[in-house]
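These notes concern the structure reproduced below.
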């Protein structure tokens, strides 16, 4: 955090050039709080849970007992771990990671709870319902994925300012979510759910790669696995650029886009 060392000197600073931050830089104390990159945890949690659930959607494995295996992964890997990563991303001042990890972490917590209720027979499995009720359950999930995909597509646009790897993770996640929404909202589900599962598996693999790149970079203090750069700067230059008062080399462990 930062604070000015003396309130009595504000008048002197105000009388100078409004765009000159040298006064405040020389009268400000910076207190650092080291943070690891939260998205290392968030992306690994997302990769593990998505791979498990998407593999089931794609038809790679599964039967009526599968929810007993899926719900712990969904709740703890995709839900708790990713939601915590979102909250720590908030402390690291990373709006993109806060939104994506927080939103998807909350969804995985709810999705895992649903699997638990199905596995313990508190709620019936959609497959065991009459066609009309099963269709109602599919529609509910489909509308949830409409919302999830819409938010994630906005995240894709934001990730373009970060790197290629994160853009691909969110792009395939948004695409898979969109396909699932189409599969469950429209009556044309034959083969579409499996296609969505394949796309989401690709997103899980890309998330694993991106998390590994972040972790290796944090340990070796250099880029080990390339993540690529899309844009160095997005948007027009401000007429009066902001001059933030901060530690010149960034906080240890804190990097925008983690």
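The values are calculated or read from the model by the stated rules, or taken from the named source; none is laboratory data. As the structure is a prediction and not an experimental result, all values here were calculated from the model. When we count neighbours, we look across all protein chains shown, and the Cβ atoms used for this are built from the backbone with ideal geometry, even at glycine.
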Does residue 225 qualify as being at pLDDT 55 or above, exposed (fewer than 15 other Cβ atoms within 10 Å of the Cβ) and more than 27 Å from residue 52 (Cα to Cα)? no
Can you confirm whether residue 137 is part of a helix (DSSP H, G or I) and surrounded by fewer than 16 Cβ atoms within 10 Å (Cβ to Cβ)? no
Filtered residues of segment 57-86 (kept if without any contact (Cβ under 8 Å) to a residue 40 or more places away in the chain and part of a helix (DSSP H, G or I)): 66, 69, 73, 76, 77, 78, 79, 80, 83
Subset of segment 36-74, residues at pLDDT 90 or above and farther than 19 Å from residue 197 by Cα, comes to 38, 39, 40, 41, 42
Within segment 184-196, count every residue that is buried (at least 22 other Cβ atoms within 10 Å of the Cβ) and modelled with pLDDT of 90 or more. 1
